[in-house]
Amino acid sequence: MCSYQPWHHSNITRSNAEDLLSKAARDGSFLLRDSESIVGAYALCVLYQNCVYTYRILPNEEKKLSVQASEGVPIRFFSMLPELVEAYYSPNMGLVTHLQYPVPKEEEPEEEPEPVSLPPQLPRRNFGLPASEGKDGCSTGDVRGVDVTSLSLTDTYLQRLQHMDISHIPDDHQKAIQDYFRSALSLDAELVHGGNPSLPHLKKLTMNICKHLNSEISRTLPTLETFQQVWDPQLSPGPGRLRTQLSADSSQSVSFRLEQLTQLLYSIEDKAKNAVFESVGYEGGHRKSLIPPVTFEVKSESLGISTKMFLKVDIESGKVYFKKSKDGPEDKFFVHNKILQLVKSQNVHPKLVIVVETEKEKVQRKEFVFDDSKKREGFCQLLQQMKNKHSGKPEPDMITVFVGTWNMGNAGPPQDISSWFQCKGQGKTRDDTADHIPHDIYVIGTQEDTLGEKDWVDTVKNTLRSITNISFKQMASQTLWNIRIMVLAKPEHENRISHISCDSVKTGIANTLGNKGAVGVSFMFNGTALGFVNSHLTSGSEKKHRRNQNYVSILRFLNLGDKKLNPFDITHRFTHLFWLGDLNYRLEMQSSEAESIVTKIKQQQYQELLAKDQLSMERAEGKVFLHYDEEELTFAPTYRFERDTREKYAYTKAKATGTKYNLPSWCDRVLRKSYPLVHMACQTYGCTNDIMTSDHSPVFATFEVGVASQFVSKNDPNTTSEGAIKFMNCVAKLTTKSKTKFFIEYHSSCLEKFVKSPEGENQESSNGSIKVRFGNQVELTPIISDPEYLLDQHILICIKSTDCDESYGEGCVALRAAESSYTEFQITLTHHGEQTGYLTGGIQLRTSEGKQTEKLYDFIKVGDDSSGHKGRGGDPTSKLSSAFPAPIDITNPNYMGVGLKCGSAGKGWSYSKPHKASPGGGPMGKDGNHGNLSPKKSYDSTRSPPGKPAAEDEYPAEMFDNPLYGSMGKAGTRSKDPEPQRKDQLVPPDAVFPFPKPPDSVEPDRPPVPTPRNRSYTCSETKPSATAPGASQLHLTKKPVMPSRSDGGMAASRPPLPLKSRAGPVPELQPSRPRDYRETSEIHTRQRHSPRSGQPLPKDVHPEAAQPPKIGRSVR
């Protein structure tokens, strides 16, 4: 466009365009915006009958523009947008209505200019011109001013030179410098005034002074380059070309040649270090661990008597010693492979249960209480490091990541910054016993960083080397003005990291200045995509709206990750995304409360202040960082301190316009977002106390991150059955006023290419939203069908419109959710950081035969230990049964396994599915590992009410999975007086699953649910079960009664047995096949209960075939 047009809204989002047109509320209102899907294209948005119609404007090869309007209308081409818009003011041009009322941009409040940290610049000088020129072209006053200034500029430097001792300088050099200041300086100044900043006379002077140095460089460079080539593993032609350029071309500036010489020396030093380190076996850490043995003092309770003991962890030997005194004998120990699991108590934080295997292959459960929870965490981290070191796995399945952010305040760092990387200070910190455990990846983000990149990288690498004895590799870095991010990794991970991408986005004034903005780095760690964003957002307590806009701009325009995922922004492109930086969100409080805030901080009353934290409030309203997680803030606000102390907040600042208040605030934050059902655990989150050169304190956070390996199937592709991923019954509810049709795109790294669904059917359209039903089943074919690979994959879903091919919402579904059977899901759809609707549906997974290997992050569990019994003797199943009586929950809260119903409204997804079947006929494999191992397994129609949003603390009634009840019949159908069925009649499962209903659907449309019976004790959780509408709720607050084997599961107080009960063996509650000890998270809660003795079965079903039935009687 050649000029400003009010109807052109540049890069506003689709939802903003719809809002503006809705406010206009007149048919024929229109605006133009940039296309979100095609670079260089536009979208014409027209309002008609309260609906927004969107038409693409595409350029052809000749840059001519055309509107993609209705079929049958001739296409016209235009050179300019104003010409196109003018033509479509006429009717009958193929649009729903002709253009009438342009919608202008909303006026934004003018931004106050922020202090911009630019490189230091010399003040502008007025330099003199030759006297003759001044007389001809200037007035007398001007000439006088120029002459004075000229004399001042020349005399100033001559006088400085006269006051210096230059006796040691050669005579010819003295004369050359004096001549330059007398005459050549004014000539250079004149050239600069005319637009030539090259200072040729200064260059001539330096070349003259350095003529011997220049010749020495030409003589020295070939020697250094040859010396460098000796250290290279491969002789590359690069250095030779460099030598030819530098040695032969002596016209290059001396500073350039010196810079090349310096870089060459640095390169030689680095390569020599690497070669020497490798020759002497100096690897500093992972394989030749320098972590010293650590001893913990604990208490062990036996028969109610507390005994002091000592646990010594020796990572190098892979042993844990159990000693009765600190200096006692080390005759009793367990090797790493005999330590089966660690179970953290939820009720008693310092308590830990260690599950070990004894000499007789029996499992023992040892309980210990540490001094505090931090010591317990240090012990767990050491054992996890020991497991990882001695596991023998070629590739890791879990890594630890350090994420740090620091606004350096335009000042250099102090000499010692090790506390930052050791996570020492306030908040959730690391125990001293874990000081020497290195992290796999370090990501450091800085703001207002005035150091050169090499100086800062060297500072960080030297600090890490002093802590861990490892020379970390710099994998990536990106800088935007004074905003910087860099990634360091262990040397052994260098070949595991690939597809590195870097980018930056400016969000300063008018989005053109880089004093505010973001830098980002992304890469693949084996098969897992990791992304990191370091941002410095707009400052000022009153500018939270502008900060929200900064966030959206960064989401939209930061180009990281897989470029094939074009419809998705960075929130969906990575398995794990970390967002760090000075986000500048403040406390929403009055300046008069400053002293009260400081008092609360000293008393560590953070909760009251956090209730006024702008970032927490904006997140709660869904305006920024939707579905991100942040660890609890348990440290003091990190801004604004007086420098060189952490005892006093400097919350006032004198400015020309008056006193400005900067209330103490948590400006520096670390947030993260992960795909559903992957492992992510925050180990530490806090700030330092002893780094005081800036008015901000450095913030640290460390994470356990589950990663997937580059999988290579060991199965024969000719004999392996083909896998399949089936999506069905999908219903989307979109927040939009667009009048268009929609389809779904499925993207994943496990697919050869993305797959499009057939066009959906728009069912309902209310004011501001539309409901779309995708009736056809979509089957995706993965490139590998092995469950070890497939269950770690995710399907990215994008709902697009047919008119402009733009996304109306994106989401993610985990294949692990469909591990055992057909699973219903509900995911929140987002676009450019805002919620745009939700999608419900069903997914089924078919994999080849195979089993999953144990993951390192499953070694540590969290359990609610409600009993003090210990298992001694017997098989692992009975051991765990006695060690962990029901109800018990031993799960990793960060790795959401395939439970009955799991999910989180805060994460934007939920899954619901039936219980896993018992070993006799369920989806378990022969070895007891979980997984959909049979490619011929049919759908299971037994499921919870569809469409209901699943919360973390909500479980459906287990009566759905009682084999006596079987299938609930056809969901979604309801009649007041259903016809009773014969007892011997079996209802086959539905061929097509009914469509799940959205959460806000009308209550009577829910499927029938049987009223709980007092004699059916099938609930394994102490949470209320879902019941039918209007039915009496049965609140289970006590521990469920566990049937004993002697009475066949019948309590004395229960009703008598029915007369028609069929005789037969009493099925046992416990599985007949031994269960693996690592599946303790699934004991009781994930097994289907066998039918109790005395309860009638369908006549056509033999008792032995009744667990679990695929079909059954429908109970109303």
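The values are calculated or read from the model by the stated rules, or taken from the named source; none is laboratory data. These figures come from a predicted structure and were not determined experimentally. Using ideal geometry, Cβ is built from the backbone for each residue, glycine included, and neighbour counts are taken over all protein chains shown. For accessibility, only protein heavy atoms count, side chains too; no ligands or nucleic acids. Shrake-Rupley method; radii C 1.70, N 1.55, O 1.52, S 1.80 Å.
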- Note on the structure: Only one of (1) within 24 Å of the chain's Cα centre (by Cα); (2) part of a strand (DSSP E or B); (3) of a type outside the set (A, V, I, L, M, F, W, C) does not apply to K660, and that is (1)
- Message: Looking at segment 315-342 only, could you name the residues that are closer than 24 Å to Q385 by Cα, open to solvent by 30 Å² or more (accessible area, probe 1.4 Å), of a type outside the set (S, T, Y) and without any contact (Cβ under 8 Å) to a residue 40 or more places away in the chain?
- Response: E316, K319, K326, E330, D331, K332, F333, V335, K338
- Query: Does segment 711-720 contain any residue that is under 29 Å from I860 (Cα atoms), aliphatic (A, V, I, L, M) and not in a strand (DSSP E or B)?
  - Reply: yes
- Message: I need a count of the residues in segment 498-528 that are over 17 Å from the mean Cα position of the chain (by Cα) and either under 30 Å from I784 (Cβ atoms) or aromatic (F, W, Y) (or both).
- Response: 2
- Pairs, first closer than 20 Å to I444 by Cα in segment 558-579, second polar (S, T, N, Q) and in a loop (DSSP other than H, G, I, E, B), C-beta under 7 Å, six or more apart: L577/T571
- Item | Residues of segment 496-513 satisfying the condition of being among the hydrophobic types (A, V, I, L, M, F, W, C) and at pLDDT below 90 | I509, A510, L513
- Task: Go through segment 758-773 and give me each residue that's closer than 17 Å to T840 by Cα, in contact (Cβ under 8 Å) with a residue 24 or more places away in the chain and in a loop (DSSP other than H, G, I, E, B).
- Result: E759, G760
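Among what's in segment 160-179 and is over 12 Å from I209 (Cα atoms) and in contact with a helix residue (DSSP H, G or I) (Cβ under 8 Å, 6 or more places away or on another chain), pick the residue that is most open to solvent (accessible area, probe 1.4 Å).
Checking each candidate, the answer is Q178.
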- Give segment 580-607 a look and list any residue that's free of Cβ contacts under 8 Å to residues at least 24 places away in the same chain and of a type outside the set (D, E, K, R), or say none. Q590, S592, S596, T599, Q603, Q605, Q607
- Query: Considering segment 12-22 alone, what residues qualify as being without any contact (Cβ under 8 Å) to a residue 60 or more places away in the chain and out of contact with any strand residue (DSSP E or B) (no Cβ under 6 Å at 6 or more places or on another chain)?
  - Reply: N16, D19
- Item | Residue under evaluation L663, criteria (1) more than 21 Å from G409 (Cα to Cα); (2) crowded, with 22+ Cβ neighbours inside 10 Å, criterion not met | (1)
- Message: Among the residues of segment 554-592, what is the count of those that are more than 16 Å from I500 (Cβ to Cβ), surrounded by fewer than 18 Cβ atoms within 10 Å (Cβ to Cβ) and of a type in the set (K, R)?
- Response: 2
- Taking G723, is it of a type outside the set (A, V, I, L, M, F, W, C) and over 19 Å from E806 (Cα atoms)? yes
- Task: Among the residues of segment 34-62, write down those that are within 19 Å of G768 (Cβ to Cβ) and either among the hydrophobic types (A, V, I, L, M, F, W, C) or in contact with a strand residue (DSSP E or B) (Cβ under 6 Å, 6 or more places away or on another chain) (or both).
- Result: C45, V46, L47, C51, V52, Y53, T54
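Table: residues versus (1) surrounded by 21 or more Cβ atoms within 10 Å (Cβ to Cβ); (2) more than 17 Å from V813 (Cα to Cα); (3) hydrophobic (A, V, I, L, M, F, W, C).
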{"position": "T735", "(1), (2), (3)": "no, yes, no"}
{"position": "K741", "(1), (2), (3)": "no, yes, no"}
{"position": "S749", "(1), (2), (3)": "no, no, no"}
{"position": "V772", "(1), (2), (3)": "yes, yes, yes"}
{"position": "P787", "(1), (2), (3)": "yes, no, no"}
- Those residues of segment 385-407 which are within 18 Å of T575 (Cα to Cα) and either without any contact (Cβ under 8 Å) to a residue 12 or more places away in the chain or in contact with a helix residue (DSSP H, G or I) (Cβ under 6 Å, 6 or more places away or on another chain) (or both) amount to D397, M398
- Query: Of the residues T634, T688, which is of a type in the set (V, I, T) and open to solvent by 40 Å² or more (accessible area, probe 1.4 Å)?
  - Reply: T634
- Query: Restricting to segment 474-514, what's the tally of residues that are open to solvent by 20 Å² or more (accessible area, probe 1.4 Å), outside any strand (DSSP E or B), touching a residue at least 24 places away in the same chain (Cβ under 8 Å) and polar (S, T, N, Q)?
  - Reply: 2
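Could you please let me know if V369 is crowded, with 16+ Cβ neighbours inside 10 Å, among the β-branched types (V, I, T) and within 32 Å of the chain's Cα centre (by Cα)? Please lay out each step first, then the result.
Values: crowded, with 16+ Cβ neighbours inside 10 Å: yes; among the β-branched types (V, I, T): yes; within 32 Å of the chain's Cα centre (by Cα): no.
No, not satisfied.
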- Message: Suppose the filter is of a type outside the set (D, E, K, R), open to solvent by 10 Å² or more (accessible area, probe 1.4 Å) and under 30 Å from N495 (Cβ atoms); does A529 pass it?
- Response: yes
- Task: Take segment 571-626 and flag every residue that is within 30 Å of C812 (Cα to Cα), of a type in the set (G, A, S) and not in a loop (DSSP other than H, G, I, E, B).
- Result: G581, S616, A620
- Message: I'm checking my understanding of the structure. Among residues of segment 642-657 that are in a strand (DSSP E or B) and not polar (S, T, N, Q), which one is nearest to T446 (Cα to Cα)?
- Response: Y649
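Are there strands (runs of 3 or more DSSP E) fully within segment 310-397 with at least 2 residues that are aliphatic (A, V, I, L, M) and farther than 30 Å from Q793 by Cα? List them.
351-357, 363-369
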- Looking at D803, is it part of a loop (DSSP other than H, G, I, E, B) and more than 30 Å from P396 (Cβ to Cβ)? yes
